[in-house]
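Before any comments, here is the structure.
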Amino acid sequence: MIAALRHKRFAAIGLLALSGLLLWLMAHLVTARPGILFWIGVLVLWALVWIGNDALSGIRTSSPLTTRLRNLAVPAIFGLTLLLLWQLAVKGFGIPLVLLPAPSDIWSKLITSLPTLAADFVQTFLRAVLPGWALGSLAGFLVAVLCDAWGFLRRGLLPLGNLFAALPIVGVAPIMVMWFGFDWHSKVAVVVVMTFFPMLVNTVAGLQAAGHLERDLMRSYGASWFDTLVKLRLPAAMPFIFNALKINSTLALIGAIVAEFFGTPIVGMGFRISTEVGRLGLDMVWAEIAVAAIAGSAFYGIIALIERVVTFWHPSYRSRKDP
Amino acid sequence: MAAASVIEARELSLTFETADGPVYALSKVNLTVHDGDFVSFIGPSGCGKTTLLRVIADLEQASEGAITVNGMTPEEARRQRAYGYVFQAPALYPWRTIERNVALPLEIMGFGATERAERIARNLDLVNLRGFEKKFPWQLSGGMQQRVSIARALAFDPKLMLMDEPFGALDEIVRDKLNQQLLELWARTRKTVVFVTHSIPEAVFLSNRIVVMSPRPGRIIDVIETNFPKDRTLDIRETPEFLKVAHRVREGLRQGHSYED
Ligand SMILES: Nc1ncnc2c1ncn2[C@@H]1O[C@H](COP(=O)(O)OP(=O)(O)O)[C@@H](O)[C@H]1O
Ligand SMILES: [Mg+2]
């Protein structure tokens, strides 16, 4: 029985390794316009990888470590297969670079342009996205707390905030460039405008999230507004606040890149994308997109990790084990 | 010697205005609770037991009539932290450990760290939850959570305890045990307890006065004095005197129902 299971496991992994390797070889060797047999081979190998990955995801694991490894491997294999198919399609059908560069083209562009990409990353991500995200989120949070302390502020500000949120970034960005100049300051301003409102709305909602009994308890202690805020309502609002932080991480990246389309010094991810599109350097555009995707995912992932630590008590994370 | 009155309600009424019209949760309630009393409210669901307790606690305001707590308005009494309230659900804060849940009122009321530690230990002992200090509420059973909420209410040592069906969700065995412990605590500390239940044996065993209530409109239909010794044990539930009182409570509850149909 155990032996049979073992066999199944090895069979799945062996199938994956073999078909994956073959697919990789084909992607490596492919030249323009291969014959029909080549494409049939690709389809068969793809099917085999698919079956192998499905078997892998169904394998019963014996330890937490193998479970984790398995849970990482399945989506990784899926993603790699997509990249290989992309490579095969672009090279096999001879698709021109301006339409869609192959992953190998993007990769070689990426490693030969590292200094440029790094400078763009610093300009856009470190100087605009991060500070703008932090400032906008902090401002939204503080205004939400003020709204909570003074009801008239909430009634006055929330509709105004709605207006804010509806402002199109393509309208805001040029105005901010006029106000704050071409450099990163105007990009920070755009990001602040974009991230302020999601945090405001989420925090206002979060501050209402504590249950009735939990509030009555505070009231029965004759607790002050501040004590109630710090000991009950803010902790209860944390899932909402982290939700806003995650939404804002995505918005900030989009905002900073798009804002650079409207005037910038000659550095930055948005600047690079817009100029390289003009020069038909699509491999560079895709390299920037790859950097943006990796940075954005990492940013989001880190916030999500902190969220797990801070809201460990929330039903979606907690376990009966000790945290 | 007449003990000072802790709660005094005169012609107290409370009407909730709802979308489906008014709900008469309390109607012309007269009640006096003396210092050191153990008073139970008993009656079917919706007869206003919780509402009456919440009016005493200033969590709800009466529409008509007058009420004082310790000779003050309920609001003044609440601000002076006159009472500890045990809700129908534990209402523990899930981000706090058990000991920090018990510490919550102590932090708010400005007790020092050593005093806090001592009171946490003493009250967790009282509800038999030593060793669970570092656990989180969701790691405990419902009965244990409710005991934590009792320890939390006792932590700042209020003279008056308001308890809303604290043992309602517990099984019979745990309930018996906690009843016995609560009675001993009451006899020892001379606290005043106002206790909501819909269990007749629980009410008769614990109380020196039983307030029988009836719904629509919520009102008091009988007040029964009992005279059991303070150091009684669960065994008295088999005695003729006990059964006589229980019978009178049951009669009261039945009479209350006959108003409707
Ligand atoms: N906040 C409220 N709004 C409207 N109706 C309420 C509210 N609280 C209680 N009631 C109604 O008042 C009546 C008495 O409720 P309650 O005091 O909770 O009864 P009990 O605790 O005896 O079961 C019920 O009919 C209930 O539906
Ligand atoms: Mg009730």
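The values are calculated or read from the model by the stated rules, or taken from the named source; none is laboratory data. Given the structure is predicted, the values throughout are model-derived calculations rather than measurements. A quick note on method: Cβ atoms are made from the backbone with ideal geometry, for glycine too, and the neighbour counts reach across all protein chains shown.
What to note about this one:
- Conditions (1) free of Cβ contacts under 8 Å to residues at least 40 places away in the same chain; (2) of a type outside the set (D, E, K, R); (3) part of a helix (DSSP H, G or I): number failed by A:Leu80: (1)
- Between B:Arg100, B:Arg122, B:Arg130, the distinction of being farther than 30 Å from B:Met72 by Cα, free of Cβ contacts under 8 Å to residues at least 12 places away in the same chain, in contact with a helix residue (DSSP H, G or I) (Cβ under 7 Å, 6 or more places away or on another chain) and away from ligand 1 (no atom under 16 Å from the Cβ) belongs to B:Arg130 only.
- Entirely in the range A:138-227, the helices (runs of 4 or more DSSP H) that have 3 or more residues that are within 14 Å of another protein chain (Cβ to nearest Cβ) and more than 30 Å from A:Ile266 (Cβ to Cβ): A:212-220
- Within the option set A:Val204, A:Val193, A:Val170, A:Val188, being of a type in the set (A, V, I, L, M) and in contact with a Pro (Cβ under 9 Å, 6 or more places away or on another chain) holds for one residue only, A:Val188.
- Within the range B:36-51, tally of residues that are more than 7 Å from ligand 1 (Cβ to nearest atom) and out of contact with any helix residue (DSSP H, G or I) (no Cβ under 6 Å at 6 or more places or on another chain): 4
- Test: B:Phe41 is under 24 Å from B:Glu202 (Cβ atoms), of a type in the set (Phe, Trp, Tyr), part of a strand (DSSP E or B) and within 16 Å of ligand 2 (Cβ to nearest atom): yes
- For the range B:142-169, the tally of residues that are more than 16 Å from ligand 2 (Cβ to nearest atom) and modelled with pLDDT under 90 stands at 2.
- Residue count for the range B:84-103, restricted to those that are at the interface with chain A (Cβ under 7 Å from one of its Cβ atoms) and of a type outside the set (Phe, Trp, Tyr): 3.
- Selection of the range B:103-119 for residues being without any contact (Cβ under 8 Å) to a residue 12 or more places away in the chain and either among the small types (Gly, Ala, Ser) or within 22 Å of B:Arg78 (Cβ to Cβ) (or both) yields B:Glu107, B:Ile108, B:Gly110, B:Gly112, B:Ala113, B:Ala117.
- The residue that is nearest to ligand 2 (Cβ to nearest atom), among those in the range B:44-68 that are more than 14 Å from every other protein chain (Cβ to nearest Cβ) and closer than 20 Å to B:Thr197 by Cβ, is B:Lys49.
- The condition (being at the interface with another protein chain (Cβ under 8 Å from one of its Cβ atoms) and farther than 30 Å from A:Val309 by Cβ) is satisfied by just one residue among B:Arg81, B:Arg122: B:Arg81.
- Flag for B:Ile173 being away from ligand 2 (no atom under 16 Å from the Cβ), out of contact with any Phe, Trp or Tyr (no Cβ under 8 Å at 6 or more places or on another chain) and in contact (Cβ under 8 Å) with a residue 24 or more places away in the chain: no
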